[in-house]
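**Q** Sharing a structure here in structure tokens format.
What follows is calculated from the coordinates using simple rules that are stated; it is not laboratory data. For clarity, every value in this text was computed on a predicted model and none was experimentally measured. Note that we place each Cβ from the backbone using ideal geometry, even for glycine, and neighbour counts take in every protein chain shown.
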Amino acid sequence: MSFLARRVLLMIPTLWAIATLTFFLVHRAPGGPFQSEKEIPAAAKAQLMHQYGLDQPLRVQYLRFLANTLRLDFGPSYKFPSRQVREIIFEALPVSMELAGWALLLAILVGVPIGIFAALKQNSGVDHLSMGLALGGVSIPNFVLGPALVLGLSLTLFLFPPALWQGPQSRVLPVLTLSTAYVAYIARLTRAGMLEVLRQDFIRTARAKGLAERTVVFKHALKLGILPVVSYLGPAAARVMMGSIVVESIFQVPGMGRYLVNAAFNRDYTLVLGEVLFYASFLMVLNLIVDVAYTWLDPRVELA
């Protein structure tokens with residue numbers, strides 16, 4: 001319990017530092033939330049600035065922002081003035097979590113078996129082929145893979161819709177695009193972890209006792225061999241959520257990433273701050289869960 005309490009307390013200064021840095025960066029960026037191609041009359045612009053408190057000194061705006069953040073109140077979006085930032089986040093969050101969840105699940109279901117098989121066939125043609133494909137998956141960025149899948153599977157073969165988030169078929173291309181790199185990472189981590197465990201004495205003892213190879217691999221070796229993947233899942237889940245920013249923009253998925261991109265372009269300060277703090281909190285909570293799960297898988301590890 002003391003470990004959990006310390007970790008939760010450490011989140012407070014970390015979130016404060018992230019909030020402070022993000023606040024001053026977005027306010028120092030060129031442009032503003034009320035700039036448009038058609039010039040707004042000076043009187044109307046001044047009234048908008050006063051309405052949202054943007055005519056006050058930056059120090060005053062910062063202190064008001066911190067006070068509101070403590071109440072989880074980020075105010076209305078400048079781009080969508082009739083909607084609160086919290087409403088937008090809670091509306092878009094299920095979409096982003098569904099996309100990230102399917103992508104991470106696919107990465108685990110595909111990457112772990114590939115890594116196990118490559119470890120069992122070390123230095124064979126299968127091992128080299130699978131790790132070569134994994135390297136290719138890591139090397140291709142989402143903004144290249146996504147349009148390539150749209151061109152090949154949507155506009156040429158007409159198998160899946162090229163965009164939007166309507167029905168099961170519309171999930172296929174975004175999930176494939178987002179999960180490819182993580183399939184590769186998980187496969188390589190699983191292979192490395194399994195190779196290390198398969199060389200240990202207790203595995204030799206299990207084989208010497210005449211246990212079936214399936215039992216040796218899945219009952220004895222996998223529990224420790226999967227530890228590198230477990231350590232990676234916390235940052236991976238957060239990176240999947242962050243990676244969905246690009247994927248959601250490519251496929252017009254109405255998730256948090258798409259809102260964040262539009263908010264950055266429109267200098268929608270409140271929406272940018274709200275989403276950045278949510279992403280940061282999400283990452284820290286996931287890392288804490290992974291640390292606890294690690295001790296369950298490996299009793300030798302203690303939370304100090």
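**Q** Along the charge dipole of the stretch 207-295, Cβ charges K/R +1 and D/E -1, which of Leu288, Gln252, Ala264 sits furthest on the positive end?
**A** Of the candidates, Leu288 comes out farthest on the positive side.
**Q** Could you line up Thr205, Thr270, Thr156 from fewest to most neighbouring Cβ atoms inside 10 Å?
**A** Starting with the residue having the fewest Cβ neighbours, the order is Thr156, Thr205, Thr270.
**Q** In square nanometres, what is the average projected area of the Cα convex hull of the chain?
**A** Projected area, direction-averaged: 20.6 nm².
**Q** Here is a follow-up. Total Lys pairs in the chain closer than 26 Å by alpha-carbon, pairs eight or more apart in sequence or interchain only?
**A** Lysine pairs, 8 or more places apart or on different chains, close enough: 7.
**Q** When the chain is fully extended, how far beyond the present Cα-Cα distance does Ser124 get from Gln252, taking 0.36 nm per residue of separation?
**A** 41.9 nm
**Q** Give me a comma-separated list of calculated 3J(HN,Hα) values for the stretch 93-109, in order, Karplus coefficients 6.51, -1.76, 1.60 applied at θ = phi - 60°, integers in Hz, x for any Gly or Pro.
**A** Going residue by residue, I get 4, x, 5, 5, 5, 5, 4, 5, x, 5, 5, 5, 5, 5, 4, 5, 5 Hz, with x marking Gly and Pro.
**Q** Right, something else. Set the Förster distance to 25 Å, then compute FRET efficiency between Val138 and Val261 from the Cβ-Cβ distance, nearest 0.05.
**A** Here the calculated transfer efficiency is 0.60.
**Q** What is the distance in Å between the Cα centroid of the stretch 155-175 and that of the stretch 195-264?
**A** First find each Cα centre; the distance between them is then 26 Å.
**Q** Now a separate question. In what sequence, highest mean first, do 253-260, 157-164 appear when ranked by Cβ atoms within 10 angstrom?
**A** Averaged packing, sorted descending, gives the order 253-260, 157-164.
**Q** Please report the projected area of the stretch 2-72's Cα convex hull averaged over all directions, in nm².
**A** 6.2
**Q** Could you line up Glu87, Glu275 from fewest to most neighbouring Cβ atoms inside 10 Å?
**A** Glu87, Glu275
**Q** If I take every Cα pair under 8 Å that is 6 or more residues apart in the chain, average their sequence separation and divide by the length, what percent do I get for the relative contact order?
**A** Once normalised by length, the contact order is 26 percent.
**Q** Let me ask another. Please rank Ser249, Ser82, fewest neighbouring Cβ atoms within 10 Å first, as an exposure proxy.
**A** Ser82, Ser249
**Q** Applying 1/(1 + (r/R0)^6) with R0 = 35 Å to the Cβ-Cβ distance of Ala29 and Phe158, what FRET efficiency is obtained, to the nearest 0.05?
**A** Efficiency at R0 = 35 Å is approximately 0.25.
**Q** When the helix-only estimate is applied to the chain (DSSP H runs of n ≥ 4, each -39,500 (n - 2.57), divided by the residue count), what is the mean residue ellipticity at 222 nm, nearest 500 deg cm²/dmol?
**A** -24000 deg cm²/dmol
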